[in-house]
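Data block below; observations after.
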Amino acid sequence: MKECHHVTESNSSSDGKKAGPECSQCEEECTKPRPSGCPHRCVLPCHPGDCPSCLQMLKIKCHCKLSVLYIECLKLTSADLKEKELLVSCRNQCPKELPCGHRCKEICHSGCCPVNCSQKVKLRCLCKRLKKEVQCCKIQEGQASLECDALCKEMKRKAYEIKEAEAKAALEEEKRRQQAELEAFENRLKGRRKNKRRKDEVEVEQSSWQKYKNLIMLPVFGVAVVMVAWLMVYND
Ligand SMILES: [Zn+2]
Ligand SMILES: [Zn+2]
Ligand SMILES: [Zn+2]
Ligand SMILES: [Zn+2]
Ligand SMILES: [Zn+2]
Ligand SMILES: [Zn+2]
Ligand SMILES: [Zn+2]
């Protein structure tokens, strides 16, 4: 731009956006640099002084790319790094998975997920009696462990003793049963050899006696009664 004539300040009552009285109005669009991050054009045609603040909205994806956000351009371009981080966050939990398999606990954030997983996980002692909650990262770093305490050991010992006693009792019971079986078998064998015939005869004798007992005893008893009665009458 060449100065080809005398230029005076424009009228002080104007807003400073008009050309001086010696100049014609420039109809070109404003070519002043935009604030960093603003993709919009200046709303004014070529003008002296600063550009007015951008009042357009920005449509951008959040850090995690799951949400679309509408933010005032001015707000974003004038924000510092920390404010920007918050403005572009959808405020939902980060959807990314950490190497340990847990989901990132941070809210939608820029950059990489934190390496330290803050997920609480249950840690148990070897015998599973004791438990406590620790952070996942502590386990991964090998910093967390839960040793069995004295009571754990005491209970383990007792359980072992009970098991031992039960096994012993079962063994003895089995021995007794086998012994009894053996004795019963031997008795049966002996009994069959010695008593087989005699036992059968006795049984037959006994059963026939039982059968005819009443038949024999009844008349005998009847005769006795008659005889006693006859004797009593005869004696008189
Ligand atoms: Zn111009
Ligand atoms: Zn803008
Ligand atoms: Zn401008
Ligand atoms: Zn997000
Ligand atoms: Zn984890
Ligand atoms: Zn994350
Ligand atoms: Zn234990």
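The values are calculated or read from the model by the stated rules, or taken from the named source; none is laboratory data. This is a predicted model, so every value here is computed, not measured. Please note: Cβ atoms are built from the backbone with ideal geometry, for glycine as well, and neighbour counts cover all protein chains shown. We work out accessible area using only protein heavy atoms, side chains counted, and drop any ligands, DNA or RNA first. Shrake-Rupley method; radii C 1.70, N 1.55, O 1.52, S 1.80 Å.
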Take Thr31, Thr77 and sort them by solvent-accessible surface of the protein heavy atoms, 1.4 Å probe, largest at the top. Thr31, Thr77
Between Met155 and Lys120, what length comes free when the chain is fully extended (0.36 nm per residue of separation minus the Cα-Cα distance, one decimal in nm)? 9.8 nm
Have a look at the stretch 102-199 and give its Rg and Dmax from the Cα atoms, expressed in angstrom. 31.8, 106
Links that overshoot a 28 Å alpha carbon limit, given the list Lys120/Lys163; Lys32/Lys59; Lys132/Lys168; Lys61/Lys105; Lys153/Lys175; Lys122/Lys153: Lys120/Lys163; Lys132/Lys168; Lys153/Lys175
Given backbone amide H placed at 1.01 Å from N, residues whose amide H is under 5 Å from that of Glu72, ignoring those fewer than 5 places away on the same chain, are Leu58
Cleavage-rule hits (trypsin sites (Lys or Arg not before Pro)) in the stretch 42-75: DSSP loop, at most 15 neighbouring Cβ within 10 angstrom: Lys65
Over its Cα atoms, what ratio of radius of gyration to 2.2 N^0.38 Å does the stretch 141-183 give? 2.13
Only Lys, Arg (+1) and Asp, Glu (-1) charged, at Cβ; the stretch 49-180 dipole about Cα centre in debye: 540
What are the lysines whose alpha-carbon lies under 25 Å from the alpha-carbon of Lys213, with same-chain residues fewer than 8 places away excluded? Lys199
From the phi angles alone, apply the Karplus equation (6.51, -1.76, 1.60; θ = phi - 60°) to the stretch 43-58 and give each ³J(HN,Hα) in whole Hz, x where the residue is Gly or Pro. 6, 9, x, 2, 8, x, x, 6, 6, x, 4, 6, 9, 6, 9, 10
